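J.: Below you'll find the structure I mean.
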Amino acid sequence: MKNVLVIGSTGQIGSELTMKIRREIPGSTVVAGFVPGAEPKGELLETGPSEIANVCDAKQLAAIVDKYQIDTIYNLAALLSATAEKKPLLAWDIQMNGLLNILEIAREKGCAVFTPSSIGSFGPSTPHVNTPQDTIQRPTSIYGVTKVATELLSDYYFHKYGVDTRSVRFPGLISYKTLPGGGTTDYAVEVYYSAVKGEEFVCPIGAGTYMDMMYMPDALKAAVDIMYADPSRLVHRNSFNIASMSFEPETLFECIRKEIPSLKVRYEVDPVRQAIADSWPDCMDDSCARSEWDWKPSFDMESMTKDMILHLREKLDLK
Ligand code: SER
């Protein structure tokens, strides 16, 4: 991993992953790919090159790969689950036609490709508790449909053409730097903002709904470590279950109240998000990731909560 293109570099994952690789991988050039309207700012703009990189424009992507002699592409462009339900054709275009463009360029130019999958790749007929690595995947959301197809197409390009495709199934990701947007798991980020601001939180997901979640530093570590994994140990490629914590809303709120006892919550369940959440696993079994590339998370709910509150107070200038 020397010359890296991060597509979607201004999004929730991309904004932190781009900086992590620039900081931690000596000699790397990391191009921050963005689409007009989501331009990089601040340190993202100042610490390395940036280029317009629209996944639907294959020529544009190929030109960037040539210009910087890109060897690794992080393909993070996607509409999250609830937004994708509103714009299914756009979700298909970005997630599928975009992926095909990237895989073709990778095949021609010898790049490795990471395209995340998700808990969203599972559906109502998937075993919900300790969801195995290899199991039934019949998602009911368009987001999930594109994620299963992403896994299959990425494996196809590996087996047929030898393209070095690797991936993880991310749980809901919790972070303080860049907000997600339009996801089913976003509530677990938004509640922290309400808590530190002293505002009532209106929760769109019902009490008792379990989903896998993960703190961003662990997710970023997974995204880098999987690309450095010894290929001879990988039985799977697209895509690995990874897990660190699973909770329902009340458990998270109680954990936040240990730090901010005044947190107030009201439920206003959004039927679209709730139906999606109900179809997803309660908790995934990540033993294949642990044994094939030594995956191990560092944060649990308590340590994440302390860190989130500390950084959000700093960011929002609230003491
Ligand atoms: N966090 C995503 C969503 O909620 C799932 O991968 O859509």
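J.: Could you please report the charge total around ALA82, scoring K, R as +1 and D, E as -1 over all other residues with beta-carbon less than 10 angstrom from its beta-carbon?
T.: That sum, taken over residues with Cβ under 10 Å, equals -1.
J.: Over all directions, what mean area does the Cα convex hull of the range 8-162 project, stated in square nanometres?
T.: That works out to 10.1 nm².
J.: How compact is the range 208-257 by the rule of thumb for globular proteins, expressed as Cα Rg over 2.2 N^0.38 Å?
T.: 1.51
J.: Rounded, prolate or oblate: pick one for the range 205-297, where a ≥ b ≥ c are the square roots of the eigenvalues of its C-alpha gyration tensor, a/c under 1.5 means rounded, and failing that, prolate if a/b is larger than b/c, else oblate.
T.: Prolate, because a/c is 1.5 or more and a/b exceeds b/c.
J.: A further question on this structure: Give me the tail of P(r) for the chain as a percent: Cα-Cα pairs with distance above 28 Å.
T.: 37
J.: So if I take the centroid of the Cα atoms in the range 189-213 and the same for the range 121-178, what is the distance between those two points in Å?
T.: Each part's Cα centre sits 25 Å from the other's.
J.: I've got another one for you. Which value results for Rg/Rh of the range 279-319 when Rg is the Cα radius of gyration and Rh the Kirkwood radius based on the inverse mean 1/r?
T.: 1.20
J.: A further question on this structure: Give me the three principal axis extents of the range 1-62 from the C-alpha atoms, as integers in angstrom, largest value leading.
T.: Principal extents (largest minus smallest coordinate, Cα): 30, 23, 18 Å.
J.: How compact and how long is the range 158-209, expressed as Rg and Dmax of its alpha-carbon atoms in Å?
T.: Considering the range 158-209 through its Cα atoms, Rg and Dmax are 16.8, 54 Å.
J.: Which order do the peptides 103-112, 291-300 come out in when sorted by mean C-beta neighbours inside 10 angstrom, highest first?
T.: 103-112, 291-300
J.: Separate question: Where q = 0.14, 0.25, 0.26, 0.27 Å⁻¹, what log10 of I(q)/I(0) comes from the Debye formula for the range 108-185, counting one point per Cα?
T.: Rounded to two decimals, the profile gives -0.55, -1.19, -1.23, -1.27.
J.: If you don't mind, another one. Please report how far the C-alpha centroid of the range 241-291 lies from that of the range 8-72, rounded to the nearest whole angstrom.
T.: Between the Cα centre of the range 241-291 and that of the range 8-72, the gap is 31 Å.
J.: Taking the Cα atoms of the range 105-256, report the difference between the largest and smallest coordinate on each principal axis, in whole Å and largest first.
T.: Answer, in whole Å and largest first: 53, 33, 26 Å.
J.: I'm a student and want to see the number: the projected area of the Cα convex hull of the range 54-98, averaged over all directions, in nm².
T.: Average of the hull's projected areas for the range 54-98 equals 3.2 nm².
A short reminder: the numbers here are calculations on the coordinates, not readings from a lab. Everything numeric in this text was worked out from a predicted model, so none of it was measured. Positions of Cβ are backbone-derived with ideal geometry, glycine not excepted, and every protein chain shown enters the neighbour counts.
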